[in-house]
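Taking it in order: structure first as structure tokens, then the write-up.
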Amino acid sequence: GLAVGVGFGAVGKSQSATFQSASQALIPCGFFPGRKIRNLAIGIGIQNFPEGLAVSLPLRGAGFSTWKAFWYGQLSGMVEPLAGLLGALAVVLAEPLLPYALGFAAGAMVYVVMDDIIPEAQTSGNGKLASWTSILGFVVMMSLDVGLG
């Protein structure tokens, strides 16, 4: 949601930032095949997994049923449209602060993984697996950033 909002808020900031390129993010990739749409879809899809886990795993650990924890994880994604509006507003009002804000958001997700998910995995005996998959996830995201960039 935030990435789409940033896309709309950036319209007119450069030659490639047009309303057409921003609106293509809302259209299924089959209609407008292109690298930018694919990259955005891949990034949003990969980012949604740890976001849902950050909500669901602590709830499951606190005794919620599997389905209830899963449902609350899904509900956490309902803020995406609001985040899109806030992202567009952020670009318009606070363009100089945007790189720092996006860097903070990325750091917050890394913190959640390292502070919540890996310790939770340690208690169930899967600490090494969680640590190695966190490293693998970081390598995948850096490869996508450099390769699809």
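The values are calculated or read from the model by the stated rules, or taken from the named source; none is laboratory data. Keep in mind that what you see is a predicted model, and the values were worked out from it rather than measured. Using ideal geometry, Cβ is built from the backbone for each residue, glycine included, and neighbour counts are taken over all protein chains shown. For accessibility, only protein heavy atoms count, side chains too; no ligands or nucleic acids. Shrake-Rupley method; radii C 1.70, N 1.55, O 1.52, S 1.80 Å.
In the set (1) of a type in the set (Val, Ile, Thr); (2) touching a residue at least 12 places away in the same chain (Cβ under 8 Å); (3) open to solvent by less than 80 Å² (accessible area, probe 1.4 Å), Val139 fails one condition alone, (2).
Taking Gly147 as the residue in question, decide whether it is of a type outside the set (S, T, N, Q) and surrounded by 13 or more Cβ atoms within 10 Å (Cβ to Cβ). Spell out how you get there, then give the answer.
Working: of a type outside the set (S, T, N, Q): yes; surrounded by 13 or more Cβ atoms within 10 Å (Cβ to Cβ): no.
No, not satisfied.
Confirm whether Ala25 is under 17 Å from the mean Cα position of the chain (by Cα), modelled with pLDDT under 70 and open to solvent by less than 90 Å² (accessible area, probe 1.4 Å). Considered against the rule, which asks whether it is under 17 Å from the mean Cα position of the chain (by Cα), modelled with pLDDT under 70 and open to solvent by less than 90 Å² (accessible area, probe 1.4 Å), Ala25 comes out as yes. Take Gln20 and decide whether it is assigned to a helix (DSSP H, G or I), surrounded by fewer than 14 Cβ atoms within 10 Å (Cβ to Cβ) and at pLDDT 75 or above. Criteria not met by Gln20.
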